[in-house]
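Data first, discussion second: the structure below is written as structure tokens.
The values are calculated or read from the model by the stated rules, or taken from the named source; none is laboratory data. Because the structure is a prediction, the values reported are computed rather than measured. Please note: Cβ atoms are built from the backbone with ideal geometry, for glycine as well, and neighbour counts cover all protein chains shown.
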């Protein structure tokens, strides 16, 4: 993996495109970068989510890269050419109720799960992932790839799934960006900011 200048943390979206291709190349940027013990732990947690999710919650129709799968307002404000012409020094990591963490290029299925919602038998998914060590897994990933900076654009409920990760980092700057009082109205601004970072390779 080439040296990274920036890792941008963003949330998944509740709305997801349902199409996909079974021919999508299997990649897993997060798992591949983790130390062995952390890789096994993340894999076990992902397997548990799949095994316990309500029937029909995870589509078998095919896979799409994560940045194409999600279709919420924030994603609609990220220009398509920003993904296509992204700076090689930028990676985008998505907090996902299904996968915990997913690299933006990694193929994933469509699914009816959200970190911001309560899903039987897990309860609130952000708390489920947090209590099972997602902050430690995110920190382990970041310590492994050693970006110069992390830009945290997570919304509140998604940030709760990984809260505490920044205290475990050494020599990696974390820039947390909030939009106080805007709520869902911040989604277009988040999307536009992500697009600028992808294209410019800086905040």
**Message:** It is to be established whether one or more residues within the range 113-125 are within 30 Å of residue 62 (Cα to Cα), assigned to a helix (DSSP H, G or I) and touching a strand residue (DSSP E or B) at 6+ places or on another chain (Cβ under 9 Å).
**Reply:** yes
**Item:** Positions within the range 49-81 being under 21 Å from residue 33 (Cβ atoms) and part of a helix (DSSP H, G or I), in sequence order
**Value:** 49, 66, 67, 69
**Message:** Tell me yes or no: at least one residue of the range 17-27 is modelled with pLDDT of 95 or more and surrounded by 17 or more Cβ atoms within 10 Å (Cβ to Cβ).
**Reply:** no
**Prompt:** Can you find even one residue in the range 82-95 that is outside any helix (DSSP H, G or I), out of contact with any strand residue (DSSP E or B) (no Cβ under 6 Å at 6 or more places or on another chain) and farther than 26 Å from residue 176 by Cα?
**Reply:** no
**Message:** Suppose we keep only residues that are in a helix (DSSP H, G or I) and loosely packed, with under 13 Cβ neighbours inside 10 Å within the range 137-186. Which one would you say is nearest to the chain's Cα centre (by Cα)?
**Reply:** 156
**Message:** Yes or no: the range 96-104 includes at least one residue that is modelled with pLDDT of 95 or more, surrounded by fewer than 21 Cβ atoms within 10 Å (Cβ to Cβ) and either part of a loop (DSSP other than H, G, I, E, B) or in contact with a helix residue (DSSP H, G or I) (Cβ under 8 Å, 6 or more places away or on another chain) (or both).
**Reply:** no
**Message:** Tally up the residues in the range 28-70 that are surrounded by 15 or more Cβ atoms within 10 Å (Cβ to Cβ) and either touching a helix residue (DSSP H, G or I) at 6+ places or on another chain (Cβ under 9 Å) or on the phi < 0 side of the Ramachandran plot (or both), please.
**Reply:** 25
**Message:** Could you tell me how many of the residues in the range 128-155 are out of contact with any strand residue (DSSP E or B) (no Cβ under 9 Å at 6 or more places or on another chain) and without any contact (Cβ under 8 Å) to a residue 40 or more places away in the chain?
**Reply:** 5
